[in-house]
Amino acid sequence: MVSAVFHSPSDADDAPRAGSPLAKATPAASTPVAHASPPSAPKVPVDWAAVALKTLAPLAGLALLVAIWALLTVKSETFPTPLATWNEAVKLFSDPFYSNGPNDQGIGWNILFSLKRVAMGFGLAAVVGIPLGFLIGRSKIASSMLNPIISLLRPVSPLAWLPIGLLVFKSADPAAIWTIFICSIWPMIINTAVGVQRVPEDYLNVAKVLNLSEWKIVTKILFPSVLPYMLTGVRLSVGTAWLVIVAAEMLTGGVGIGFWVWDEWNNLNVHHILIAIFVIGIVGLLLEQALVSIAKRFSFE
């Protein structure tokens, strides 16, 4: 016997067929929609070992230096102890900008005059050296002509240029600026030229295909690629300039940190000489860190 089950047409209309789009698109009314909250980011633990290495290790090195200094001078009658030097530094920096005539001025004025000479000589070296480095890097003829001259003049001692400056300019101040200029220009020329020569050839081929002008090639292609090399040369140059100015001022006299050191030696004031050594080192370190920050700020990486 065959049994059949009959459904009314209304029942067939109310229930969507299985597999139809309506059946897939109709959600269950009683099912709530749950929104999952995003997982919280895990907290990164503090690397105390790295913090200690970055902060405590330099302080420990300085403490070791002072301890060795104290041990070596504990029975000395000529070389000052760290405590005596510190007390003299407190007196010296209590009034760093006094002025009792052209040859008796505070250490603050001497630092500022030296920085002014460094800025002028270094600035002139950058204006001349960086474009010259681009020229040497871009032109094989210029490279062949100028590389022997640079190789010949670069090893010359900085103080050997000072008499030439005195002969030409007839004055100590421009002679010192000239010495800084001629000694700080070489790192900028060499590093900039090396950076230009290491620009990928594919970049220059694309510039030729696009028929870019030389100005567009320099500003849009070469400059971003050469910038790290150029800033490295600038860092080396400013360090050289700060070293040279101290030696130049010892010979030329006037106002400046180098002249101040030599004047204190003539007065047999060893305390002030040691203070000047620390001041020169701190100023040089600040100049270096400033240029490192600029290099990171303008990095195209």
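Using a 1.4 Å probe on the protein chains only, how many percent of the accessible area of the range 123-191 belongs to carbon and sulfur?
Numbers: 2700 of 3580 Å².
Using a 1.4 Å probe with all protein chains present, the range 123-191 comes out at 76 percent carbon and sulfur.
Between SER99 and VAL74, what is the FRET efficiency for a Förster distance of 45 Å, r being their Cβ-Cβ separation, to the nearest 0.05?
Numbers: r = 38 Å, r/R0 = 0.83.
So, using R0 = 45 Å, E works out to roughly 0.75.
Consider a paramagnetic label point 7 Å from the Cα of GLN289 along Cα→Cβ; state which residues of the range 59-90 have an amide N under 20 Å from it.
What the label zone holds, given the 20 Å backbone N cut-off, is 59-66.
Enter the accessible area of THR85 (Å², nearest 10), with the probe set to 1.4 Å and all protein chains included.
So the heavy atoms of THR85 present about 10 Å² to solvent.
Give me the percent of the accessible area of the range 219-301 that comes from carbon and sulfur atoms, probe 1.4 Å, all protein chains in place.
Numbers: 2970 of 4290 Å².
Roughly 69 percent, rounded to a whole number.
Return the loop-located trypsin sites (Lys or Arg not before Pro) in the range 174-276 (DSSP other than H, G, I, E, B) with at most 13 other Cβ atoms within 10 Å of their own Cβ; answer none if there are none.
Details: sites: ARG198, LYS208, LYS216, LYS220, ARG235; in loops: ARG198.
Here the sparse-neighbourhood loop sites are ARG198.
Please report the projected area of the range 229-295's Cα convex hull averaged over all directions, in nm². If you can, show how the numbers build up before the last one.
Working: hull surface 18.4 nm².
Over all viewing directions, the range 229-295 projects a mean Cα-hull area of 4.6 nm².
Which is farthest toward the positive dipole end of the range 165-301 among VAL270, ILE280, ILE182, measuring Cα position about the Cα centre, with Cβ charges +1 (Lys, Arg) and -1 (Asp, Glu)?
Working it through, the farthest residue towards the positive pole turns out to be ILE182.
How high is the FRET efficiency between SER157 and ALA52 when r is their beta carbon distance and R₀ equals 51 Å, given to the nearest 0.05? Each step should come with its number before you reach the end.
Details: r = 43 Å, r/R0 = 0.84.
Efficiency, rounded to the nearest 0.05: 0.75.
At 1.4 Å probe size, with every protein chain present, just tell me what the per residue accessible area of the range 43-91 comes to in Å². Show your work: numbers first, answer last.
Working: 4240 Å² over 49 residues.
Computed with neighbouring chains in place, this is 87 Å² per residue.
Top to bottom by accessible area (1.4 Å), largest first, where do TRP242, TRP262 land?
On the way: TRP242 15, TRP262 115 Å².
Solvent-accessible surface, decreasing: TRP262, TRP242.
Expressed as a whole percent, how much of the Cα-Cα distance distribution for the range 79-122 exceeds 15 Å? Write down the numbers at each step before the final one.
On the way: 531 of 946 pairs.
The proportion of pairs with Cα distances above 15 Å equals 56 percent.
Of ASP202, ASP173, which has the most accessible area and how do the rest follow, probe 1.4 Å?
Order by accessible area, largest first: ASP202, ASP173.
Picking from PRO82, LEU135, ILE107, whose Cα lies most toward the positive end of the charge dipole for the range 71-137 (charges on Cβ: Lys, Arg +1; Asp, Glu -1)?
Value: LEU135.
Say a paramagnetic label sat at a point 7 Å from the Cα of PHE223, along Cα to Cβ; which residues of the range 105-133 have their backbone N under 20 Å from it?
123-133
Report, in debye and to the nearest 20, how large the dipole of the range 160-228 comes out about its Cα centre when Lys and Arg carry +1 and Asp and Glu carry -1 on their Cβ. Intermediate values should be presented prior to the final figure.
On the way: 5 positive and 4 negative charges, 17 e Å.
Taking the Cα centre of the range 160-228 as origin, the dipole is about 80 debye.
The values are calculated or read from the model by the stated rules, or taken from the named source; none is laboratory data. Predicted model only: the values in this text are computed from it and were never measured. Glycine gets a Cβ as well: all are built from the backbone with ideal geometry, and neighbour counts include every protein chain shown. Side chains included, ligands, DNA and RNA excluded: accessible areas come from the protein's heavy atoms. Shrake-Rupley method; radii C 1.70, N 1.55, O 1.52, S 1.80 Å.
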